[in-house]
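Below is one structure, written out as structure tokens, with a few remarks after it.
The values are calculated or read from the model by the stated rules, or taken from the named source; none is laboratory data. Here the structure is a predicted model, which means the values were calculated and not measured. Cβ: placed from backbone, ideal geometry, glycine included. Neighbour counts: every protein chain shown. Please note that ligands, DNA and RNA were not included when accessible areas were found on the heavy atoms of the full protein model with its side chains. Shrake-Rupley method; radii C 1.70, N 1.55, O 1.52, S 1.80 Å.
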Amino acid sequence: GVTGAMGAGSGSPPNILLIQSDQHRYDCLGSSGGRRCQTPHLDQLAAEGVRFTHAFTPVPTCCPARQSLLSGLRPEQHGGLWNYDITLPVRLFDSPTWAETLAASGYSLGYVGKWHVHPDRTPLDYGFQDYVSLQDYAAWRRAEGLPGYEPIDAGALGLDPVAARWFGGRDPGPLDAARTHWQADRVIDLIERYQREGQPWHVRLDFEEPHLPCFPTDAFASLYPAETLEPWGSFGETFSNKPYIQEQQLGTWGIAHLDWAAWSQYLSRYLAIVSQIDDAVGRVLAALERLGLTDSTLVVYTTDHGDACGGHRMIDKHYVMYEDVVHVPLIVRWPGVTEPGAVCDAMVTHALDLATTLSEAARLAVPDTYQGRSLFPLLRGETPPDWPADVLSTYNGAQFGLYVQRMLRDHRFKYVWNPTDVDELYDLERDPWELENLVGRPEHLETLATMRVRLLELLTEQRDDIVARPWLRQQLATGRKVGPRC
């Protein structure tokens, strides 16, 4: 049945504006209080709604995370275990989506920007009536005769050719012609049209940014001079008592030799493009205000997952469950439902919980198969007594070789189950940068055993096939891992 709640006062379901960036770290948001980053419009959105401090991705990889957001299912259920455009074949995502149900209910649906859900099917195959793609932007930019992006001097940084293309550079075009702002304008066009047509609408604005490589325009490129940026607290990573594959990542990318002088240039452009995204978001929010739609529109800002950005001396993501890549921004503003300026510390799995929440907001029946929980109580400032005290995130490998991981994270400890290597346990209160793996420490054996049992319970509940048979279940159930680092 329909379990949703009505929007503020009107008695009508709200318009839904869902803004998703790509690889936006939680601590690179002004209101998070982490890395100094200017995001005034997102901070204002948080001041007018609810900011979640403990939102986590169900999987720190692009395609599976995006597929989970549309389907309400974990990758192990919807079948898209890893990015479909990498080195190993994958079962393509074929699950039904709440967007299709939303369209059938009478909503107008538009999608602008990055898709990365299916190589052949587009948003038009999943309920959206309008789709403006990244390829449309590239074609427009060429037709306008705008200059191409200017990469950095890779030689000056001593970059391996494999890594050089990912360190970005500069967009020499005007800000209004930047991809971020062109997308914002296309979103405004759709909102204006849908509003004239008189139906409730759902519009997706999906930025490619700040996914590497970052090419900020001159309007933002100089905001964060590289020489002023302090290293991450994890930059001294030695990989002692860590899974082998983490240090191998540096060798695979050709970045093991890079010092902070090189990484600070990467971070400078990353922060700049985050601020540029914020400016584009501000453009859309101003349009809602101009059109008188602020009070009738539910606005969400989030991302698919984070980015290493030089944290632990790493690039991108893959084979790690560090906060850099699993902890994500999540801001929800729904006038009349959310309390302005609220901060929620509850543990949420953003993609799964949003699928359930947005379905309810539109008064759709939420399928029993959905694996997230409704955020409605949290949006109202209420935390149900049975709200989970932990979150689960998964990883299934593939880009550089198969490697499976399962993470359990509560407010203090993080346990990472690596079935084919040493496990990881971090005390985030004492070691927020996750440098010291506590697995094997006698004083933490009880915590380790408890979290293993809890993880097994969650994986079983979530129908994860990795524990469907006894060969791997016993690692969690009995702690049967070899060696002193068990």
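Under 5 Å between amide hydrogens, which residues at least 5 positions from Phe413 or on another chain qualify, with H placed 1.01 Å from N in the peptide plane?
So Phe413 has HN proximity to Leu428.
Could you give the alpha-carbon Rg of segment 115-185 over 2.2 N^0.38 Å, rounded to two decimals?
1.43
With labels modelled as points extended 7 Å from the Cα through the Cβ direction, what inter-label distance (nm, one decimal) is found for Val343 paired with Phe400?
A separation of 3.5 nm, rounded to one decimal place.
Let me make sure I get this right: for segment 5-145, a, b and c are the square roots of the gyration tensor eigenvalues over alpha carbons, sorted descending. Under 1.5 in a/c it's rounded, otherwise prolate if a/b > b/c, else oblate. Which is it?
Verdict is rounded for segment 5-145.
Place a +1 charge on the Cβ of each Lys and Arg in segment 161-258 and a -1 charge on the Cβ of each Asp and Glu, then give the dipole magnitude about the Cα centre in debye, rounded to the nearest 20.
Charge dipole of segment 161-258: 260 debye, to the nearest 20.
For a label point 7 angstrom out from the Cα of Trp471 toward its Cβ, which stretches of segment 411-430 have the backbone nitrogen within less than 17 Å?
418-421
Given bins 10 angstrom wide, list per bin the percent of all Cα-Cα distances in segment 257-408, short to long.
In order of increasing distance, the bins hold 9, 29, 32, 23, 7, 0 percent.
Per Stokes-Einstein, at 20 °C and 1.002 mPa s, what whole-number D in µm² s⁻¹ belongs to segment 240-284, with the Kirkwood radius over Cα pairs as the hydrodynamic radius?
Translational D for this selection: 165 µm²/s.
What fraction, in whole percent, of alpha-carbon pairs in segment 169-276 exceed 18 Å separation?
For segment 169-276, the fraction of Cα-Cα distances above 18 Å is 63 percent.
What FRET efficiency, computed as 1/(1 + (r/R0)^6) with R0 = 25 Å and r the Cβ-Cβ distance, is obtained for Ala226 and Ala256, rounded to the nearest 0.05?
Details: r = 20 Å, r/R0 = 0.81.
It comes out at approximately 0.80.
Assuming 1.567 mPa s and 4 °C, estimate D for segment 168-224 with Stokes-Einstein, Rh taken as the Kirkwood radius over Cα pairs, in µm²/s.
100 µm²/s
Kindly sort Tyr107, Tyr131 by accessible area of their heavy atoms, largest first, with the probe set to 1.4 Å.
Ranked list, largest accessible area first: Tyr131, Tyr107.
Using a Förster distance of 22 Å, how high is the FRET efficiency between Asp368 and Glu457, based on the Cβ-Cβ distance and rounded to 0.05?
On the way: r = 20 Å, r/R0 = 0.90.
Efficiency, from the Cβ-Cβ distance: 0.65.
With only Lys, Arg, Asp and Glu charged, each at its Cβ (+1 for the first two, -1 for the last two), find how big the charge dipole of the chain is about the Cα centre; round to the nearest 20 debye.
Details: 42 positive and 63 negative charges, 154 e Å.
In debye, rounded to 20, the chain gives about 740.
Would you mind checking which residues have amide H under 5 Å from His211's amide H? H placed 1.01 Å from N; only 5 or more apart, or other chain.
Asp22
Dividing the alpha-carbon Rg of segment 245-347 by 2.2 N^0.38 Å yields what?
Cα Rg divided by the expected 2.2 N^0.38 Å: 1.43.
In the full protein assembly as shown, how much of Thr450 is accessible to a 1.4 Å probe, in Å² to the nearest 10?
90 Å²
So if I average 1/r over every pair of distinct C-alpha atoms in the chain and take the inverse, what Kirkwood radius in Å does that give? Could you put the intermediate results ahead of the total?
Working: mean 1/r = 0.0435 Å⁻¹.
This gives a value of 23.0 Å.
Just flag the trypsin sites (Lys or Arg not before Pro) in segment 68-157 sitting in loop per DSSP whose Cβ has no more than 11 other Cβ atoms within 10 Å.
Working: sites: Arg91, Lys114, Arg121, Arg141, Arg142; in loops: Arg91, Lys114, Arg121.
Answer in residue order: Arg91.
Please state the relative contact order of the chain as a whole percent: Cα pairs under 8 Å, 6+ residues apart?
Over the chain, the number comes to 25 percent.
First check a/c for segment 412-468, with a ≥ b ≥ c the square roots of the eigenvalues of its C-alpha gyration tensor; if it is under 1.5, answer rounded, and if not, answer prolate when a/b is larger than b/c or oblate otherwise.
The shape class here is prolate.
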